[in-house]
Amino acid sequence: AGALDRLGSAYLELGREDDARQAFEASLEIYRASTDRIHTAHTVSNLGCLKRDPKLLEEAEQVFAAFGDRAALAHVRFCQARLERDAGHLDAALERIEEAIALVDQLRATALRQGHPAPVLALWQEYSALHIEILMRLHEQSPDENRVARAFEVSDLARARHLYEMLLEARVDVRSGVPEELLEQERALQRRLNAAELRRQSLVQLEGDDSDIGPLEKTVRRLLGELADVQAAIRTASPRFAELRHPSPVRFEDVRKLLASDTLLLSYVLGEERSYLFVVSREGIESHVLPQRRSIDELAWRVYQGLRNSQQRRMRRQLPELTQQLGNMLLGPVRDKLEEHRLLVVGDGLLHYVPFAALPLTSQVAEGAPEFVVDRHEVVHLPSAAVMQTLRERAAQRPAPSKELAVIAAAVYSTNHHRMPSTVRTTSSQPTLVELPHTRREAESILALVAPDQRLAALGFAAHPELVRSGDLNGYRILHFATHGLLHEEHPQLSGIALSMFDEAGQARDGHLRLHEIYALDLPADLVVLSACRTALTRQAQGAGLVGLAHGFFYAGASRLLVSVWDVHDEATSELMAAFYRGLLVERLSPPAALRQAQLWMRQQERWRAAYYWAGFVLEGEWK
């Protein structure tokens with residue numbers, strides 16, 4: 001019976017509802033003949049939810065309430081909310097979904113203390129999507145700005161709750177007061193994890209035998225699990241973790257106060273049946289209905305692929321029509337309100353891959369040089385308004401940086417590097433990463449803009465992870481990393497940046513600075529620049545929320561980040577960064593204004609005119 005119930009759930013994941021119904025019914029027939037009330041109720045709940053049968057849901061509800069099974073009871077409430085919504089009983093639907101979310105909130109608080117909140121967060125996000133839809137349908141029936149504001153608040157917490165909770169955790173320094181043996185256990189596990197992953201990567205790159213790689217992959221998974229357990233134990237042992245308040249949605253009124261009069265917040269929420277755009281300003285909030293998630297995601301992915309390949313002649317012919325369609329879809333409802341405002345963009349789904357600066361402003365494909373968002377607007381991307389509020393509050397509470405700029409660049413990836421001593425240099429070395437010859441020039445041009453006593457240059461062999469881990473970068477206003485960014489699709493915690501892989505003697509070392517280590521750093525910088533490939537990209541990791549290098553640096557203390565959304569061109573990036581820093585350090589522009597000016601300058605150069613060269617970097621976080 002249990003196997004049939006799980007089979008039914010698997011069929012549902014595949015969209016095979018008839019097969020799912022048959023599996024659930026077969027499971028229930030067996031369970032009915034048993035005395036196993038709780039598992040019977042789970043199958044009754046699954047079948048009732050699939051068949052939209054209120055009687056089956058009520059039967060399951062009574063059992064779950066008697067057993068105190070809050071997760072199962074929340075699922076019943078969610079299914080009941082969908083039933084009421086489909087019947088047009090929106091007030092009843094709202095009551096049911098809010099009951100479901102309250103139950104999941106209780107579960108999440110417990111899961112956070114135990115260190116394994118991901119499965120609960122996945123439920124919470126699914127329920128929040130229905131909550132938003134019901135609120136917006138009520139608004140359509142009877143327009144009410146309060147309901148729109150409430151839907152915005154729910155959506156804002158849903159999209160980046162994991163990061164928001166982690167930032168709240170970072171503010172109280174949960175490692176303070178924790179027994180040293182627990183912290184050393186964490187560090188030891190991180191070292192073992194790094195070593196195992198380095199061996200695994202080496203075997204993969206050398207096309208090693210699966211019989212050797214397989215055990216290492218199991219070791220990596222096991223160590224990740226052990227690390228999560230130890231970090232949960234650290235939270236439990238932390239006297240400050242108990243100080244954390246359960247995060248609540250950022251209030252719409254508070255968001256209004258955060259915004260300047262020349263700033264608009266565009267918050268996108270993608271739904272299965274319809275999507276929404278919330279437009280927030282100092283004056284108020286308005287909403288617009290957009291197409292379903294699938295339509296937006298498919299078009300956003302095509303635009304992303306087009307922009308990242310826009311230097312190719314074939315793609316340049318297709319791109320105007322694609323970007324026009326997406327621009328009309330996302331900006332069309334608010335074109336007349338954009339004026340010259342700064343735009344704060346909170347994306348969703350595959351919109352995280354789209355640099356809004358490269359979208360057209362006109363409603364039709366223009367002849368000649370089209371007008372893009374960057375021509376009129378500064379653009380800043382945000383994980384959520386709640387995160388922006390937390391970043392600003394944290395920055396206001398820390399001391400001002402004492403020095404201006406630290407640059408970590410021109411890493412050494414092989415023993416045939418030209419700066420390697422001739423006694424160890426070899427042409428047989430097979431670098432795992434290509435050299436980035438323009439990063440040294442990029443670094444030197446940036447450093448020249450800052451007084452010697454206000455800068456740190458860690459170039460070549462000096463660009464190694466131990467410098468970052470040492471705490472020597474604490475106190476610099478700007479941290480600039482010009483290196484490779486590495487993404488690990490299966491285990492995002494192992495994503496990172498690649499620094500020097502060899503020392504001056506030609507000895508190999510692990511030059512990776514991985515995400516799970518970045519979270520443990522103390523880098524209270526105003527700006528972190530990741531002048532590397534695909535440093536902004538995030539993914540949904542089994543409900544754990546958006547995971548990416550940018551979020552790791554936010555947790556470590558950064559207020560804003562300049563990051564890339566595709567594999568950027570080495571020389572073009574060097575030119576863009578030089579222009580960006582001239583605006584930032586010489587003209588004293590704000591980071592959004594400096595980025596916009598640099599991108600406009602790049603577009604005026606014939607060689608760098610394609611969006612591939614200038615649009616790949618986006619600013620995230622604080623917009624001032």
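The values are calculated or read from the model by the stated rules, or taken from the named source; none is laboratory data. The structure presented is a predicted model; accordingly, all values stated were derived computationally and were not measured. Quick reminder, even Gly has a Cβ in these numbers, built from the backbone with ideal geometry, and neighbours come from all protein chains shown. When the accessible area is computed, the model is the full protein with side chains, heavy atoms only, and any ligands, DNA or RNA have been set aside. Shrake-Rupley method; radii C 1.70, N 1.55, O 1.52, S 1.80 Å.
Could you list, in sequence order, all residues of region 170-227 that are of a type in the set (D, E, K, R) and touching a residue at least 12 places away in the same chain (Cβ under 8 Å)?
If the condition is that a residue be of a type in the set (D, E, K, R) and touching a residue at least 12 places away in the same chain (Cβ under 8 Å), then ARG171, ASP173, ARG175, GLU186, ARG192, GLU197, ARG199, ARG200, GLU217, ARG221, GLU226 are the ones that fit.
Residues to consider are THR43, THR110; find the one that is without any contact (Cβ under 8 Å) to a residue 24 or more places away in the chain, on the phi < 0 side of the Ramachandran plot and of a type in the set (Ser, Thr, Tyr). Even if it seems obvious, please write down each step before you answer.
Values: THR43 fails: without any contact (Cβ under 8 Å) to a residue 24 or more places away in the chain.
Only one candidate passes the filter, namely THR110.
Exactly one residue among ALA260, ALA228 is over 28 Å from GLN324 (Cβ atoms), among the aliphatic types (A, V, I, L, M) and in a helix (DSSP H, G or I), and that residue is ALA228.
Would you be able to say whether some residue in region 185-192 is at pLDDT 90 or above, buried (at least 18 other Cβ atoms within 10 Å of the Cβ), more than 30 Å from HIS131 (Cβ to Cβ) and of a type in the set (A, V, I, L, M)? There is at least one residue in region 185-192 that is at pLDDT 90 or above, buried (at least 18 other Cβ atoms within 10 Å of the Cβ), more than 30 Å from HIS131 (Cβ to Cβ) and of a type in the set (A, V, I, L, M).
Quick grid of which residues meet (1) among the aliphatic types (A, V, I, L, M); (2) open to solvent by 70 Å² or more (accessible area, probe 1.4 Å); (3) within 17 Å of LEU344 (Cβ to Cβ); (4) more than 21 Å from the chain's Cα centre (by Cα):
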| residue | (1), (2), (3), (4) |
| --- | --- |
| GLY214 | no, no, no, yes |
| VAL230 | yes, no, no, yes |
| SER238 | no, no, no, yes |
| PHE252 | no, no, yes, yes |
| THR263 | no, no, yes, yes |
| SER287 | no, no, yes, yes |
| ARG293 | no, no, no, no |
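So which residues in region 398-417 are assigned to a strand (DSSP E or B) and open to solvent by 10 Å² or more (accessible area, probe 1.4 Å)?
Pass one, region 398-417, residues assigned to a strand (DSSP E or B): 403-409.
Passing the criteria: LYS403, GLU404.
It is to be established whether one or more residues within region 17-31 are open to solvent by less than 60 Å² (accessible area, probe 1.4 Å), at negative phi and assigned to a loop (DSSP other than H, G, I, E, B). No - not one qualifying residue is present in region 17-31.
Number of residues in region 271-308 that are in contact with a strand residue (DSSP E or B) (Cβ under 8 Å, 6 or more places away or on another chain), part of a loop (DSSP other than H, G, I, E, B) and either in contact (Cβ under 8 Å) with a residue 40 or more places away in the chain or of a type in the set (S, T, N, Q) (or both) equals 3.
Any residue in region 385-397 that is open to solvent by less than 10 Å² (accessible area, probe 1.4 Å) sitting within a Cβ distance under 9 Å of a residue that is among the β-branched types (Val, Ile, Thr) and part of a helix (DSSP H, G or I)? List the pairs, counting only those 6 or more apart or interchain. Listed by first residue and then by second, the contacts come to ALA385/VAL255; ALA386/VAL255; MET388/VAL255. The single condition among (1) of a type outside the set (Asp, Glu); (2) open to solvent by 30 Å² or more (accessible area, probe 1.4 Å); (3) in contact with a Gly (Cβ under 8 Å, 6 or more places away or on another chain) that ARG175 does not meet is (3).
Restricted to strands (runs of 3 or more DSSP E) entirely inside region 462-535, those with at least 1 residues that are over 21 Å from SER559 (Cβ atoms) are 484-486, 496-498, 512-514.
Restricting the search to helices (runs of 4 or more DSSP H) fully inside region 34-95 and requiring at least 3 residues that are under 33 Å from the mean Cα position of the chain (by Cα) gives 37-51, 70-86. For HIS516, the test of being over 16 Å from ILE408 (Cβ atoms), surrounded by 21 or more Cβ atoms within 10 Å (Cβ to Cβ) and not hydroxyl-bearing (Ser, Thr, Tyr) is passed.
Restricting attention to region 86-111, the residues being at pLDDT below 95, charged (D, E, K, R) and buried (at least 19 other Cβ atoms within 10 Å of the Cβ) number 1. Only a single criterion out of (1) in contact with a helix residue (DSSP H, G or I) (Cβ under 7 Å, 6 or more places away or on another chain); (2) crowded, with 16+ Cβ neighbours inside 10 Å; (3) of a type in the set (A, V, I, L, M, F, W, C) is not satisfied by TRP301, namely (2).
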